[in-house]
Amino acid sequence: MKVAIIGGGGRVGSCAAFALQCSGVVKDLIILDANQATAEGEALDLVHGAAYCADQNIYAGTYADCAQADLVCITAGLRRKPDESRLDLINRNVGLFNGILDSLKQAGLKKSAIIFVVSNPVDILTQLAAERLGLPWQQVIGLGTMLDSSRFCSLIAAELKLPATQVRAMILGEHGDSMLPVWSSASVGGFPLLKFPGVTPTFQSKIFERTQKSGAEVISRKGGAGWAVGVTIKEVIDCIALDRQRVLPVSSQIQGAYGIRGISLSVPTVVGRGGVVQQLEIELWPKEMQALQASAHALKATRAKVG
């Protein structure tokens, strides 16, 4: 698979490129950035480590190279400030993002190309990409609540002193303030999480509050997320490249699941080589369903303000 990373010279893009190099699944990796020298430097740095990773073609490129890419990952964008919500980014990032979409349209895209949006506010930008690029909706995916879900699982595991890889729990809805935790299906090693000792309402509130604030916490300490988001980007791209058909909380244009239409947000989604294989409507607790629909309503209100 040939993957192009737009914004590959930034923190998120470079961490994603490194994670993809380490996984060794992607054959061609193209680094694009507004600063061409930075893109060339990142590509060169990755190539220098190739002897101990995987046999891949890694190089700096331009939008013309995206015309033959199987997947275009968009990470370019302005960083969120510590006291700024992801939705506050919309007025600062939409213009930049629309310019990227215009450049992609001018360069041309393969009919089978997957567009993978990481830039924030990811749900709004995923919706814009789905509306403007003319691709089937299944081929436009946002990172959604993948990072939130990873943080959620890791925090649960740390609190219970269990391996993070044994915890399975999802955050759904907006990648932002209206996200919701799905405690109803959370599990550890195949057993219901809510049956574990110590998993009380107080525990749940503590873990979810920490998950919600994790992004701002990382920004305040090191300036922005990098490694964790790189790993989650790699997970989605590997799932597409290998047609794994895994259920992931990615963002895409909702086609009626949970009574929602006309907006992109995260629901349980089967992801494979063609992008979205299926949006699953798994039974939720009534309060979870209400929170998911409220999240969709909040995103629609924001989308209505964007040209």
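Computed from the coordinates by the stated procedures, all read-outs in this text should not be read as laboratory data. Note that the structure is predicted; figures quoted are calculated from it, not measured. Glycine gets a Cβ as well: all are built from the backbone with ideal geometry, and neighbour counts include every protein chain shown.
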Spatially proximal aspartates and glutamates relative to LYS206 (Cα-Cα < 14 Å; intrachain offsets below 8 disregarded): GLU159
Hz values of 3J(HN,Hα) by residue in the range 157-173 - Karplus curve (6.51, -1.76, 1.60), Gly and Pro given as x: 4, 5, 5, 8, 6, 10, x, 4, 5, 8, 8, 10, 7, 10, 9, 10, x
Shape of the range 146-303, Cα gyration tensor, a/c cut at 1.5: rounded
Percentage relative contact order, the range 2-142, counting C-alpha pairs under 8 Å, at least six apart: 24
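May I ask for the Kirkwood hydrodynamic radius of the chain, worked out over all distinct Cα pairs and given in angstroms to one decimal?
Computed over Cα pairs of the chain, the Kirkwood hydrodynamic radius comes out at 19.5 Å.
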For the range 2-142, alpha-carbon Rg over 2.2 N^0.38 Å: 1.02
Cα centroid separation - the range 1-73 against the range 273-300, whole Å: 32
Between the range 108-131 and the range 166-222, the alpha-carbon center distance in angstrom: 27
Degrees between helix 11-23 axis and first principal axis of the chain (Cα, 0 to 90, nearest 10): 90
Relative contact order (percent, whole number), the chain, Cα cutoff 8 Å, 6+ residue spacing: 18
0 to 90° range, to nearest 10: angle between helix 90-107 axis and the chain longest Cα axis: 40
Cβ-based exposure ranking for LEU160, LEU265, LEU96, in which fewest neighbours within 10 Å come first: LEU96, LEU160, LEU265
Size-normalised alpha-carbon gyration radius of the range 110-168, reference 2.2 N^0.38 Å: 1.52
Across LYS234/LYS300; LYS2/LYS305; LYS2/LYS300; LYS213/LYS234; LYS195/LYS234, pairs whose alpha-carbon gap is larger than 25 Å: LYS234/LYS300; LYS2/LYS305; LYS2/LYS300; LYS195/LYS234
Contact order relative to length of the range 5-44, as percent, for alpha carbon pairs under 8 angstrom and 6 or more apart: 49
For the range 144-289, with +1 on Lys and Arg beta carbons and -1 on Asp and Glu, the positive-most of ILE171, PHE196, ILE240 along the dipole: PHE196
The range 182-254 shape via C-alpha gyration tensor axes, a/c threshold 1.5: oblate
